[in-house]
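Any read-out appearing in this document is the output of simple, stated calculations on the displayed coordinates, not a laboratory observation. Remember, predicted model here, so these are calculated numbers, not experimental data. Using ideal geometry, Cβ is built from the backbone for each residue, glycine included, and neighbour counts are taken over all protein chains shown.
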Amino acid sequence: MIDGSRQWRKQRISDAFGAAAARYEDHAGPQRLAAGLVADLAQRQKPHGVERILEIGCGTGFLTRDVQARWPGAELVVTDLSPGMLAKAASGGLVAGRFLTMDGEAPIFEGPWFDLILSSLTFQWFDDLPGAIARLAGLLRPGGSLIFSTMGQGSFAQWRAAHAACGVTSGVPDYPTLAALRAMLAGYDDAFAFDETVALDGVGARALLAHLKGIGAVVPGEGRQPLDVGTLRRVMAAYDAGGGCDSYALLLGRITRTKF
């Protein structure tokens, strides 16, 4: 059961991404790259014998379109927390699938059903990552795989450092380390995780904030509050003084349900 504060935060996340849907792809270079990594992993893992695919957190459809092209005969179920993002992914007639508004960590499905469950840069918004992974892994058919990318602890390290230099806490959520993700996956018979670093285009605090606003990633981590204008300016100045460059630390994971 999701308590009221978490439900309210989920709605804020949905609204923020929905508001950014129209311009999202103009700002989402790392998201495009991460989606490609997930699709490549999935094709290497299961190039054939894929009948049903579930996507968690489709955004505007980077991964969705790639998946449709790689497995054109598969039944595709596409989900996102944000109706606005879902509508954008479904527009243009580029994908033939079933589109559902759904919280990825509370799937509406039960029992083994999918050959692939794929997600790119969505899991970082979950309240209970280990629980969500377990629920999704439970939807895999024998031989099926859950493959995902999410944010790692090193993401936006320079932005966090600028906050620390100013004596304040960043609104960036506390993402897991690679070791922590590997520990979450250790209980599964066939699983692994690795990391990739993706540098952000653009230099300076204004470019970073434009990127985050452009993709809708503007809801601070749970328990964090937005900075007042004066403090934000000090943080921006510290970030620029430190070089004004940052990156995504991507974590990628795969769980395969062993056959029986």
* Asked: Between D189, D228, D128, which gets the highest mean-square fluctuation from a Gaussian network model of the chain, Cα cutoff 10 Å?
  -> D228
* Determine the calculated [θ] at 222 nm for the chain from helices alone, applying -39500 (n - 2.57) to every DSSP H run no shorter than 4 residues and normalising by the residue count; nearest 500 deg cm²/dmol. => -12000 deg cm²/dmol
* Structure fact -> Shape descriptors of the range 1-145 over alpha-carbon atoms, Rg and Dmax in angstrom, are 14.5, 43
* How fast does the range 42-127 diffuse by Stokes-Einstein, in µm²/s, taking the Kirkwood radius from C-alpha pairs at 25 °C and 0.890 mPa s? -> 189 µm²/s
* Cα axis of helix 4-20 to longest principal axis of the chain: angle in degrees, 0 to 90, nearest 10? -> 90 degrees
* Structure fact -> Compactness summary of the range 126-172: radius of gyration and Dmax from Cα atoms, Å, are 16.7, 51
* **Contact order relative to length of the range 88-192, as percent, for alpha carbon pairs under 8 angstrom and 6 or more apart** => 23 percent
* Phi to ³J(HN,Hα) by Karplus 6.51 cos²θ - 1.76 cosθ + 1.60 over the range 181-186, Hz, x for Gly, Pro -> 5, 4, 5, 4, 8, 5
* To do: Within 10 Å, count the other beta carbons around each residue, average over each peptide in 113-121, 205-213, and list them highest first.
  => 113-121, 205-213
* Want the number for E222 to R206: 0.36 nm per residue separation, take away the alpha-carbon distance, what's left? -> 3.4 nm
* Asked: Based only on Cα atoms, what Rg/Rh ratio does the chain have, Rh being taken as Kirkwood's radius?
  -> 0.97
* Structure fact -> Ranking C166, F148, M85 by how far each Cα lies towards the positive end of the charge dipole of the chain (+1 on Lys and Arg Cβ, -1 on Asp and Glu Cβ), the top one is M85
* To do: Mind jotting down a quarter of the surface of the convex hull over the alpha carbons of the range 15-82, in square nanometres, one decimal?
  => 4.6 nm²
* FRET efficiency for D15 and D174, using Cβ-Cβ distance with R0 set to 25 Å, rounded to 0.05 -> 0.65
